[in-house]
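Some notes on the structure that comes next.
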Amino acid sequence: MYSLNGEDIFVVDGHMHFWDAGPDNQRNDYGHAWIKCFYDYHSALSPAEYVWDFDKYRNYGEEALVSDLFLEGYVDVAVLNSTYLYEFFKTGFNTHQKNNVVKQKHPDRFVLCGSFDPREQEAGLDKFREMMAEYPIQGLKLYTAEWRGESRGWKLNDPWAYKYLELAQEMGIKNVHVHKGPTIYPLSRDAFDVNDVDYAATDFPGLNFIVEHVGLPRLDDFCWIATQEPNVYAGTSVAMAFIHSRPKYFAEIMANLLFWLGEDRILFGSDYAIWSPKWIIDRFMGFQLPGDIQEEFGVELTPTVKRKIMGENAARLYGIDIKERRASLSGDGIGARLSAASAQAGAS
Amino acid sequence: MMTPAIALPPHLNREAVLACLDRVLDPELDESVLSLGFVESVAADPAGNVTVCLQLPTYWCAANFSYLMASDVRRQLAGLDGVRAVTVKLGEHFAGHEVEQGAGSGQTFAQAFPQGGPDTLEETRQIFLRKGYFARQERLMRVLRRANLPFEQIAALQVADVAPEDGPPSPAAVRVEARVLSRYLERRRELGLDCSAPAPLIVDAVGLAIPPAELETYYLRARTSRLALEAGGSLCSALLQARRSG
């Protein structure tokens, strides 16, 4: 929860990770290259005082997660991504099984995302059904650009992908986060292409497609699709992190999203632990679009708009009643630690 | 911009070599690999065997774009007098070996990456040449808008109606920043579009004039394409800097 001029802002971090990329879990040099690349994103865009050392970054552990998101980072509810990468990491990078352990300790604080790979065809459908039945999966995170055997990626509108999306919908899934941005093993342009979202969004009007990283560097293609498809949303992680060192581009990206999609279809995401929500939210809440950009685009980043982007939009997608959820969060273990800290701050 | 380490024999001219590299674009960003700082070093032996080392912003930069840059470096330098052979090396990269071998021996992308499916490299290049075209066009239109020209008037302009602001006397109605104009016309020519004096100044990627009533929407879209390229370039520069210092 963030307090703006005495008003409480409900914060949903729409995109974050709890990974273990420590040396013990790395299977090969790719595992190292993977986390090193993440670290470069981290150090390239974080303010200096928020840059961690590489050891902590590889495997930061649960207490750091709880503190960076909830105790220090204003987050009320966080959407946990699941990524597997067994080829690089012995026990996986951040699997839904591992994510669920932390979710179970703080059930109201996390939304757990599962995943599927349509290239597993029939056998994968059973596995997917099992995952949906055994775990409290509320959303999906899909990576279309991943290599697998001879395949160099897949598309959301592949026939097998449609079978999985149909099954997901039958099992109550509403929200599908699609990774479209800097990626794993990117061989061809097709892997980055956002056009497949257009087909899937038309054919599955009951699903919401949150395009993570707003398709960067395909922001333009993403915007054209989103203007045509009312169930396509902007996931702003990576773009959000521009706010510190590249505020001009941040302002322009935000103005474009507000111009093409409007204030109801933009979701905050920190991409933690690539970046920490605290500094992004501190800066975002204090951020004003420069006058010339406001004038040119005819959009404003008012407190109301900020509130929507920070949490109201995501809460709506995930059916979270903000008032009720606030009440339940204030009574959980993290809520107790937050009250204790605030009482102590009040006393001193 | 990082200046590459350069070691050349006397018969190779430093400026000419740099000019070649400056013509090699990161297709996705529409900026030269030289100005992006991707060129780490250039060295040649007295026989004219040139080795260029490229360092891309991440280990995972897409293989197809990396391939385009490596083969373009080779092609540009191979055309220079006194160059016998060109080797391109990539700093740590997931597909570095295949890119170096394939681009170095003039293979097509599909030959170097047989598992990648049909060769769409040229198609990819064309897609990004067009994106770059929109970005360059947006910068030109932005200048015209700043000069208070309404869209209807911009739609009616011909190529002959604009001239570089520091150029010789000209009957052209509007003066614009020289680099903005030259970059626009350069890409327009590359796309094979008519650049003659009476041609409309603003045409789409296949050379059709934009109806005045549609120009504003066209401009708003070009504006987003320009931002996508610039923001991508900005992210890549930040990543490359972090990679070099870490």
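Relative to the longest principal axis of the Cα atoms of chain B, helix B:63-78 runs at roughly 80 degrees.
In plain terms, the chain from A:S3 to A:S67 could stretch by 21.3 nm, reckoned as 0.36 nm per residue minus the Cα-Cα distance. On the beta carbon distance between B:E186 and A:K155, with R0 = 25 Å, the FRET formula returns roughly 0.10.
Normalised by residue count, segment A:1-156 yields a Cα convex hull volume of 144 Å³ per residue.
Counts of other chain beta carbons within 10 angstrom of each beta carbon in peptide A:245-258 average 3. Measuring only protein heavy atoms, the 1.4 Å probe finds A:E49 accessible over about 130 Å². When the Cα convex hull of the protein assembly as shown is projected onto planes of every orientation, the mean area is 29.4 nm². For A:S270, the residues whose amide H sits under 5 Å from its own are A:G14, A:H15, ignoring neighbours fewer than 5 places away on the same chain, with H placed 1.01 Å from N.
Evaluated with a Cβ-only charge set (Lys, Arg +1; Asp, Glu -1), segment A:16-158 carries a dipole of roughly 240 debye about its Cα centre, given to the nearest 20.
Dipole of chain A computed with +1 at Lys/Arg Cβ and -1 at Asp/Glu Cβ about the Cα centre; of A:T236, A:Q104, A:G346, farthest Cα towards the positive end is A:G346. Highest mean packing first, where packing is the average number of other Cβ atoms within 10 Å per residue, the peptides A:35-43, A:233-241 line up as A:233-241, A:35-43. Roughly what percent of Cα-Cα pairs across segment B:5-119 reach past 22 Å? Counting every Cα pair in segment B:5-119, those more than 22 Å apart make up 28 percent. Computed over the alpha carbons of segment B:123-232, Rg followed by Dmax gives 13.2, 41 Å.
In order along segment A:97-109, phi translates into HN-Hα couplings of 5, 5, 4, 5, 4, 6, 4, 5, 6, 9, x, 7, 8 Hz, rounded to whole numbers, per the Karplus curve 6.51 cos²θ - 1.76 cosθ + 1.60 with θ = phi - 60° and x for Gly and Pro.
Of the residues A:L338, A:L289, A:L207, the one that moves most in a GNM of chain A with alpha-carbon contacts below 10 Å is A:L338. Think of each Lys and Arg Cβ as +1 and each Asp and Glu Cβ as -1; about the Cα centre, that makes the dipole of the protein assembly as shown roughly 580 debye.
Springs between Cα atoms under 10 Å define the GNM used for chain B, and in it the highest mean-square fluctuation of B:G132, B:G37, B:G82 occurs at B:G82. Which residues among segment B:84-128 fall inside the zone where the amide N is under 18 Å from a point 7 Å beyond the Cα of B:T51, along Cα→Cβ? Once the point is set 7 Å along Cα→Cβ of B:T51, B:84-93, B:96-105 turn out to lie under 18 Å by backbone N, inside segment B:84-128. Taking θ as phi - 60° and the Karplus parameters 6.51, -1.76 and 1.60, the scalar couplings of segment A:308-317 work out to 5, 5, 5, x, 4, 5, 5, 4, 4, 4 Hz in sequence order, x denoting glycine and proline. Considering only B:L191, B:V83, B:G37, and ranking their Cα positions along the charge dipole of chain B that arises from unit charges at the beta-carbon of Lys, Arg, Asp and Glu, the one farthest toward the positive end is B:G37.
Ellipsoid semi-axes for chain A, based on the Cα gyration tensor and the rule √(5λ), read 29, 25, 21 Å when sorted largest first. Summarising the overall dimensions of chain B from its C-alpha atoms, the Rg and Dmax are 20.1, 61 angstrom.
The values are calculated or read from the model by the stated rules, or taken from the named source; none is laboratory data. If you're wondering where the values come from, they're calculated on a predicted model, not measured in any experiment. FYI the Cβ positions are ideal-geometry reconstructions off the backbone, even for glycines, and counts take in every protein chain you see. To get the accessible areas, we keep the full protein, side chains included, count just its heavy atoms, and leave off ligands, DNA and RNA. Shrake-Rupley method; radii C 1.70, N 1.55, O 1.52, S 1.80 Å.
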